[in-house]
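Trainee: One structure, pasted below without further comment.
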Amino acid sequence: MRPLFFIVIGLCFSGLMQAADSPQLQALKQQYKRPDFIPFPADNPYSADKAQLGKMLFFDQRLSRHFNMNCATCHNPSLGWEDGVAVAVGDINEPLKRHSPTLLNLAWGKDFFWDGRAPSLEEQIRGPVEAEVEMNLSLDEAVQRLNKVNGYRQQFRKVFGEAINADNILKAIATYERTLVSGTAAFDRWVDGDDNAISAQAKAGFELFNGKAGCSGCHSGWNFTDNRFHDIGLPTDDIGRAGVTGNLGDNHSFKTPGLRNIGQRMPYMHNGSLPNMDAVLGHYISGGIPRDSRSELMKPVLLNANELAQLKAFMATLDGDDKPVSLPILPI
């Protein structure tokens, strides 16, 4: 539940940008402060060797039936850990029906996939590996393949103290994915006290984001997501979360995406239907398609061209100073 002071601040935020030392502004900024550590589950704790093993598997095409895909096919580090196209493309070059979501900051996530059907990151990884339209390789077959590679046999024994098995494949990849954290952004430096880190236009955009524009109703916290599911009124035949819950109220509802490194992650939405940030903002200010399942938070918002530019300037401050990702040397 969002703290009460966050709601109050969102209602009476106007004018606070002129007072950098305002207690209300400082309290609001703390709602977006980067965490100090990465959380790992008790049943899959972090180790550097496990993360390195997971990285090898993440980039290894041996986890796809036809040796033509790996996890990075749809989650490219150069494209915000997405793939730059509207919808993902699977095993036999068949377009899928949903956009590849980013892998950034999943250590803080829950209920994975656009529809939340996977309760853990480990289970989420199982999905694309085994799905016939994606990597199309059963984990049993993956175990057989990896067991033929001496380097993998040694690495799994070193990390897990046992032979290769399906659960440990998932645990290794999940450990690596939890280390994929967006880099420090100009916004973070501003939150930490550098008043010159972002422009006056971006600061005005932050005011709009938390006030008049209503963006923070769903895009909250340091990763700018409530990790919940909403129907935002997009044209779509995809029933989304309702396919998991069976609840008609969840029709066309999809998980709120985080906004970190959002400038690298075009196109946008669960189906990649909005090509750029102008289209995204245009959709939100329209309120979307009215229907029974549409979120109560989705309402038309009157923003002028200057205010839209301010929102875009703020969003640009969320792109982190991410370091290049080196490719692992795969065992043979």
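The values are calculated or read from the model by the stated rules, or taken from the named source; none is laboratory data. Keep in mind it's a predicted model, so treat the numbers as computed, not measured. Here the Cβ is made from the backbone with ideal geometry for all residues, glycine too, and neighbour counts use every protein chain on show. With ligands, DNA and RNA removed, areas are computed over all heavy atoms of the protein, side chains included. Shrake-Rupley method; radii C 1.70, N 1.55, O 1.52, S 1.80 Å.
Trainee: When the helices in the chain are scored as -39500 (n - 2.57) per DSSP H run of 4 or longer and the sum is shared across all residues, what 222 nm value do you end up with, to the nearest 500 deg cm²/dmol?
Mentor: It lands at -10000 deg cm²/dmol.
Trainee: Of the listed peptides 211-217, 26-32, 41-47, what is their order by residue-averaged count of other C-beta atoms within 10 Å, with the highest listed first?
Mentor: Numbers: 211-217: 19.6, 26-32: 16.7, 41-47: 12.4.
Ranked by mean Cβ neighbours within 10 Å, highest first: 211-217, 26-32, 41-47.
Trainee: Taking 0.36 nm per intervening residue step and subtracting the Cα-Cα distance, what contour gain separates Ala131 from Val325 on full extension?
Mentor: Details: separation 194, 0.36 × 194 = 69.84 nm, distance 2.68 nm.
That pair, Ala131 and Val325, stretches by 67.2 nm at full extension.
Trainee: Another question, then. Pick from Pro275, Pro23, Pro267: which is most flexible by mean-square fluctuation in a GNM of the chain where alpha carbon atoms under 10 Å apart are linked?
Mentor: The residue with the greatest mean-square fluctuation here is Pro23.
Trainee: Looking at the stretch 91-132, I'd like the Rg to Rh ratio, where Rg is from alpha-carbon atoms and Rh is Kirkwood's inverse mean 1/r.
Mentor: In the stretch 91-132, Rg relative to Rh is 0.97.
Trainee: Now for a separate question. So which of Lys97/Lys299; Lys50/Lys255; Lys29/Lys255; Lys55/Lys299; Lys158/Lys323 end up more than 31 Å apart, counting from Cα to Cα?
Mentor: Working: Lys97/Lys299 27 Å; Lys50/Lys255 29 Å; Lys29/Lys255 24 Å; Lys55/Lys299 42 Å; Lys158/Lys323 28 Å.
Distance filter (> 31 Å) returns Lys55/Lys299.
Trainee: First measure r as the distance between the Cβ atoms of Ile289 and Val85, then evaluate 1/(1 + (r/R0)^6) with R0 = 22 Å and state the FRET efficiency to the nearest 0.05.
Mentor: Computed FRET efficiency for Ile289 and Val85 comes out at 0.35.
Trainee: Tell me, in nm to one decimal, what length is gained between Gln201 and Asn247 on full extension, where the rule is 0.36 nm per residue of separation less the Cα-Cα distance? If you can, show how the numbers build up before the last one.
Mentor: Working: separation 46, 0.36 × 46 = 16.56 nm, distance 4.18 nm.
Gain on extension, Gln201 to Asn247, equals 12.4 nm.
Trainee: Here is a further query. In whole percent, how big is the carbon plus sulfur part of the accessible area of the stretch 78-158, probe 1.4 Å, protein atoms only?
Mentor: Details: 1840 of 3740 Å².
Answer for the stretch 78-158: carbon and sulfur cover 49 percent of the accessible area.
Trainee: Label 7 Å along Cα→Cβ of Lys97; the stretch 122-156 residues with amide nitrogen under 14 Å?
Mentor: 133
Trainee: So for the chain: antiparallel DSSP bridges make up what percent, rounded to the nearest 5?
Mentor: If we restrict to bridges inside the chain, about 90 percent are antiparallel.
Trainee: At 1.4 Å probe radius, can you tell me the per residue accessible area of the stretch 223-322 in Å²?
Mentor: 45 Å²
Trainee: Students sometimes get this wrong: rank Ile169, Ile289 by accessible area, probe 1.4 Å, all chains present, largest first.
Mentor: Ile289, Ile169
Trainee: Ignoring GluC sites (Glu not before Pro) that are buried or in helix or strand per DSSP, and keeping those with at most 15 other beta carbon atoms within 10 Å, what is the longest stretch of the chain between them?
Mentor: The longest uninterrupted stretch comes out as 163-295.
Trainee: Additional query: Over what distance in Å are the Cα centres of the stretch 218-258 and the stretch 270-332 separated?
Mentor: Value for the Cα centre distance between the two parts: 14 Å.
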